[in-house]
1. Here is a check on your reading of the model: is residue A:63 surrounded by 13 or more Cβ atoms within 10 Å (Cβ to Cβ) and in a loop (DSSP other than H, G, I, E, B)?
2. Would you mind listing the helices (runs of 4 or more DSSP H) fully within the stretch A:160-277 where at least 3 residues are within 16 Å of the chain's Cα centre (by Cα) and touching a residue at least 12 places away in the same chain (Cβ under 8 Å)?
3. Quick check: is even one residue across the stretch B:83-96 within 14 Å of chain A (Cβ to nearest Cβ), assigned to a helix (DSSP H, G or I) and either within 25 Å of residue B:128 (Cα to Cα) or touching a residue at least 40 places away in the same chain (Cβ under 8 Å) (or both)?
4. Could you tell me which of the residues A:73, A:85 is within 12 Å of chain B (Cβ to nearest Cβ), surrounded by fewer than 12 Cβ atoms within 10 Å (Cβ to Cβ), at pLDDT 85 or above and out of contact with any strand residue (DSSP E or B) (no Cβ under 8 Å at 6 or more places or on another chain)?
5. Is it the case, given these coordinates, that residue A:25 is away from every other protein chain (no Cβ under 12 Å), modelled with pLDDT under 90, within 30 Å of residue B:151 (Cβ to Cβ) and outside any helix (DSSP H, G or I)?
6. Modelled with pLDDT of 90 or more and more than 30 Å from residue A:145 (Cβ to Cβ): is that true of residue A:57 in this structure?
7. Go through the stretch B:1-15 and give me each residue that's more than 10 Å from chain A (Cβ to nearest Cβ) and assigned to a helix (DSSP H, G or I).
8. Of the residues A:224, A:210, which single one is modelled with pLDDT of 85 or more and under 23 Å from residue A:325 (Cα atoms)?
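The values are calculated or read from the model by the stated rules, or taken from the named source; none is laboratory data. It should be emphasised that the depicted structure is a prediction, and the values quoted were computed from it without experimental measurement. Cβ coordinates were reconstructed from backbone atoms using ideal geometry, including for glycine residues, and neighbour counts include every protein chain displayed.
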């Protein structure tokens, strides 16, 4: 046996069919159907069918012809009025523009300027290369956005922009984009500093705690990204990146003192010693911004390089390139003469005097620019 | 007969014939829905006018492409209009409305006793009015879905599938809603001990 709701529905459909048939003047199909269904006769269902029929026929729910006619006329008048209003608004605007060509020209110009500025702003928002002329517009957009926000939102936006800045760096980590890379690195640094200041300004609370944690996360991500980029970079970019890593709080080599012990005889070897933190054995020596083949060893906490040193010229800068790609360089070199000689400098002032040639080692860098075979020659 | 989709398209463009066709098709359902929810005919007529004025003003924004979608949209306007009416009434001080002559004139038939009419017999008029109030109260106690099923099935004459599309439900759910709606209505009317006026009339007809 069908469920009651099914039987009720069948009966209602049957009644509707009957009603329509009667309306068309036909025979009562329900009479034929009823005989077969008498077994399913259910007084409760029949009561509900009767109630439904009474509802259908309730005169309270029937529309009077007068009301139907009047409302239809009112609606059609209303429609005509609406169309007239719509048409007149459109026509009046066109008429005004036609009557005053100067006004239409100004309007056209305004629309053009709006379109152009929107396009420029939209294009600038996509720009990631700091050498692009639109990069300045993008920075300006970000600045305006930040200025127009509440302090908490400012910090949030700063964080977002720092993340965006970080995303642009990998695409610039090659020789062709060296300048852009430097600029992007500077911008990242500036953005992180600004964000830190904005977060610090916030009153203590949940929001500040959350933003502080997000800032820490951005710094951590930045360290990861920059570390991964190091092997792809040339020496100047490696030096800059190492500096940024240090500012982000990463452990990078820090030299507190560099000393150069020149040989007694021009053909002898010189010793370069670095004193500092996180010094790594196997690092290459940098002489005047060029990587030499000499590798350092750790002796009593000092990183020591023993290198062939032709002549007596003093280098302009000394540094180290670690196996992990971090690099450090300084011009503050303490020069020690050979035993019996004088010691110049105290590690704070560059005591070496650059030669007119800029004290460059005469060794020619390899095509990668990182591995000159080493020995600086003397310039007389 | 033109497909409802084409009528809807033309009505969206402001075609008067199409708007008229939609109006004639949906007037009984919308009026029935409203009249079953408000106490008197004049209010029902006012609110029905509001609904169709809103239809004319908003049809160009309508996205519905079929009859079920259009019905759902129109019933939504009707529901909001009725709710607005009750909100406004709640803020106004209680008052008794004066008898509406147009209403009684049209209702004279179903309520008529031999030798008397609501117009000439104030007692009968009050009784009839109170009976209908009980029906309205009962219908107002149904859920909105139950009301919409009753309107779709009984006043607009839709099959179960169309009502299901209108409500975004399955056919079986609509059948269950229909059953529960009528059952609840019967129970509520039983509680109020007031049969539908038309039933009273029918019983009298049978008795004669």
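1. yes
2. Numbers: elements: A:178-201, A:206-229, A:235-247.
Filter on the stretch A:160-277 gives A:178-201, A:206-229.
3. Filtering the stretch B:83-96 down to residues within 14 Å of chain A (Cβ to nearest Cβ) leaves none.
Looking for residues that are within 14 Å of chain A (Cβ to nearest Cβ), assigned to a helix (DSSP H, G or I) and either within 25 Å of residue B:128 (Cα to Cα) or touching a residue at least 40 places away in the same chain (Cβ under 8 Å) (or both), one finds none in the stretch B:83-96, hence no.
4. Values: A:85 fails: at pLDDT 85 or above.
Every option except A:73 fails the conditions.
5. On the way: away from every other protein chain (no Cβ under 12 Å): yes; modelled with pLDDT under 90: yes; within 30 Å of residue B:151 (Cβ to Cβ): yes; outside any helix (DSSP H, G or I): yes.
Yes, satisfied.
6. Details: modelled with pLDDT of 90 or more: no; more than 30 Å from residue A:145 (Cβ to Cβ): yes.
When the stated conditions are applied, residue A:57 does not pass them.
7. B:4, B:5, B:6, B:7, B:8, B:9, B:10, B:12, listed by residue number.
8. Details: A:210 fails: under 23 Å from residue A:325 (Cα atoms).
Checking each option against the conditions leaves just A:224.
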